[in-house]
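What follows is a set of notes on a single structure, which appears directly below.
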Amino acid sequence: MPRVRAPAHAFAIAMLAVLACSRSVSAQTQPARGEPPLEAVETLDALHVTAQRPPTAQQRLQEHLQRNWHPPRSAEQFGLDGGVPAWLGQQLLRGMTATARTLPGWKRQIEPAIARPPPLDDEQMDRSQAWEAAPPSHGAQPR
């Protein structure tokens, strides 16, 4: 799970809020007998809190690389996977399938959908359109 860091100004806002709360609490307490009355409490300006800035393109790229980067296979791992003959076999198969798809008569395995004919004949369509265009009768209620 990626770590979420609070922006630097969030700490300053929190400290100002704590400071404001502590001043208002101390101002509400009554002075002890014999002490002079407390001064009027100063109010702070309004704080405007904004949302966290969206990550920059560089930050998004770094996060993407951290999540999706896989180191290349070592020469030892390449040899254990079959080495050059296995790699050439894969490349040969890819080339043959790409060439086979260009041959005349090749059909795609997934064919696009074809619209079916409407379920109503012409007479039924005319009646349906006439019924929809007619103003509703007073006795009919909506469903």
Looking at Pro85, Pro2, Pro36, Pro31 in this structure, which one is modelled with pLDDT of 85 or more, out of contact with any strand residue (DSSP E or B) (no Cβ under 7 Å at 6 or more places or on another chain) and not small (Gly, Ala, Ser)? Pro85
Pairs needed: first member in the range 106-131, at pLDDT 85 or above; second member anywhere, loosely packed, with under 10 Cβ neighbours inside 10 Å and not aliphatic (A, V, I, L, M); C-beta distance under 8 Å; at least 6 residues apart or different chains. Met125/Pro118
For Glu39, the lone unmet condition from (1) closer than 30 Å to Met15 by Cβ; (2) over 32 Å from the mean Cα position of the chain (by Cα); (3) not in a loop (DSSP other than H, G, I, E, B) is (3)
Inside the range 48-67, can you point out the residues that are among the charged types (D, E, K, R) and surrounded by 10 or more Cβ atoms within 10 Å (Cβ to Cβ)? Arg60, Glu63
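The values are calculated or read from the model by the stated rules, or taken from the named source; none is laboratory data. Here the structure is a predicted model, which is why all the values come from computation and not from measurement. When we count neighbours, we look across all protein chains shown, and the Cβ atoms used for this are built from the backbone with ideal geometry, even at glycine.
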